[in-house]
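Accompanying notes for the structure given below.
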Amino acid sequence: MFETKGVEIRRDIHFSEYQAIDRLNFSTAKYIKKCPRVMAASGSVEATAAMVLGTAVHTAILEPASFKRGYKPAPKGTRRGTKAWKEVAEMYPKAEIIRRNEYDEVVAMRDSVLSNGDAACLLKGEGCNELSIVWEDVSTGLELKARVDRCISDGDDAYVIDIKTTQNAAPYAMASRMVSDPFYYLLQMAWYQRAYYAAYGVLPKCVIISVEKGPGNPV
């Protein structure tokens, strides 16, 4: 279906290692829909607070041991740069220090996802989390990469599962984001399908699990 070569499957690598792989990913490629100059500059954009929170939620759900080691809450009411914040940072030099309310929100979102029957069915049991795939698309010569939140394989049947944090997880809101700037979730899932097909020769079905930030954290 898609002719590829140079495929590599990389399990158990940290997100920072994946980021360092010099290949084109969807997070950069999607900006071509706006302007090549925007796409070229997208790699230099600093992570926003929402992006940091989203990464923490992914880690809490998919890599609970890594979340426990890698994220620590600052004392309640503490601001960055204060003595109390620095003391926590010195105590856990390899961890990301986040505000107590942010940490509590991450835990609440994790618990909400894992208590949802449909989501839990997809996230528990056999499967592979945080799978990194690199490949070359023969038709364009582009060297590509993808990092799939979770994939499940059962013979010729497979799923790729993506977790989204959002202000509104309602179906109508997520449907809009499938085709709207800057999300393009439909194209993103197609990118993951191609990555999985390059690695395993199976075109998977796609599932998005979305969880809201805020009261109740609906899934």
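Taking a quarter of the surface of the convex hull around the Cα atoms of segment 152-191, what do you get in nm²? Display every interim value, and only then the final one.
Values: hull surface 14.1 nm².
For segment 152-191, averaging the hull's shadow over all directions gives 3.5 nm².
Filter the trypsin sites (Lys or Arg not before Pro) in segment 1-109 down to the DSSP loop ones having no more than 12 other Cβ atoms within 10 Å, then list what survives. Don't jump to the answer; show the numbers that get you there.
Details: sites: Lys5, Arg10, Arg11, Arg23, Lys30, Lys33, Lys34, Arg37, Lys68, Arg69, Lys76, Arg79, Arg80, Lys83, Lys86, Lys94, Arg99, Arg100; in loops: Arg11, Arg23, Lys34, Lys76, Arg79, Arg80, Lys94, Arg99.
In loop regions of segment 1-109 (DSSP not H, G, I, E or B), the sparsely surrounded trypsin sites (Lys or Arg not before Pro) are Arg11, Lys34, Lys76, Arg79, Arg80, Lys94.
Placing +1 at every Lys and Arg Cβ and -1 at every Asp and Glu Cβ, with all other atoms neutral, what dipole size does the chain have around its Cα centre, in debye to the nearest 20?
On the way: 29 positive and 27 negative charges, 189 e Å.
Taking the Cα centre of the chain as origin, the dipole is about 900 debye.
Run the quick spin-label model on Met178 and Lys68: label points 7 Å from Cα toward the beta carbon, then report their separation in nm to one decimal.
With each label point 7 Å from Cα toward Cβ, the separation is 3.9 nm.
Let me have the relative contact order for the chain, percent, based on Cα pairs under 8 Å that are six or more residues apart. Could you put the intermediate results ahead of the total?
Numbers: 327 pairs, mean separation 53.2, N = 219.
So the answer I get is 24 percent.
What percentage of the solvent-accessible surface of segment 34-85, computed with a 1.4 Å probe over protein heavy atoms, is contributed by carbon and sulfur atoms? Provide the component values of the computation, followed by the final result.
On the way: 1960 of 3320 Å².
After summing per-atom areas, the C and S share lands at 59 percent.
Roughly how many nanometres apart are two label points built 7 Å out from the Cα toward the Cβ at Ser16 and Lys124?
3.3 nm
From zero outward in steps of 10 Å, how is the percent of C-alpha pairs of segment 3-85 spread across the bins?
Result, from short to long distances: 12, 32, 33, 18, 3, 1 percent.
Would you work out if segment 90-131 is rounded, prolate or oblate? Take a ≥ b ≥ c from the square roots of the eigenvalues of the alpha-carbon gyration tensor; rounded if a/c is under 1.5, else prolate when a/b is larger than b/c, oblate otherwise.
On the way: a/c = 4.48, a/b = 1.68, b/c = 2.66.
The shape class here is oblate.
What label, among (i) 47, 36, 31; (ii) 56, 40, 33; (iii) 70, 42, 37, belongs to Cα extents along the principal axes in Å computed from the structure on display?
(ii)
Ignoring ligands, DNA and RNA, what accessible area per residue does segment 39-143 give at 1.4 Å, in Å²? Numbers along the way, then the final one.
On the way: 6190 Å² over 105 residues.
Dividing the accessible area of segment 39-143 by its residue count gives 59 Å².
Kindly provide the chymotrypsin sites (Phe, Trp or Tyr not before Pro) of segment 50-86 that DSSP labels as loop, not H, G, I, E or B, and whose Cβ sees at most 16 other Cβ atoms within 10 Å. Write down the numbers at each step before the final one.
Values: sites: Phe67, Tyr71, Trp85; in loops: none.
In loop regions of segment 50-86 (DSSP not H, G, I, E or B), there are no sparsely surrounded chymotrypsin sites (Phe, Trp or Tyr not before Pro).
How about Lys5: which lysines have a C-alpha closer than 20 Å to its C-alpha, ignoring those fewer than 8 places off in the same chain?
Lys5 reaches Lys145.
Among the lysines, which fall within straight-line cross-link reach of Lys164, defined as a Cα-Cα distance under 18 Å, with same-chain neighbours fewer than 8 residues apart omitted?
Lys30, Lys124, Lys205, Lys213
Give me the lysines in straight-line cross-link reach of Lys68: C-alpha distance below 16 Å, same-chain residues under 8 apart excluded.
Lys94
Using 7 Å Cα-to-Cβ label points, what is the Val38/Ala190 separation (nm, one decimal)?
Once both label points are built, they end up 1.8 nm from each other.
Counting C-alpha atoms alone, how compact is segment 94-174: give Rg to one decimal and Dmax as a whole number, in angstrom.
So, for segment 94-174, Rg and Dmax equal 16.7, 49 Å respectively.
The values are calculated or read from the model by the stated rules, or taken from the named source; none is laboratory data. Just so we're clear, the structure is a prediction, and the values are computed from it rather than from any experiment. Here the Cβ is made from the backbone with ideal geometry for all residues, glycine too, and neighbour counts use every protein chain on show. Surface accessibility is based on the protein's heavy atoms, side chains included, excluding ligands, DNA and RNA. Shrake-Rupley method; radii C 1.70, N 1.55, O 1.52, S 1.80 Å.
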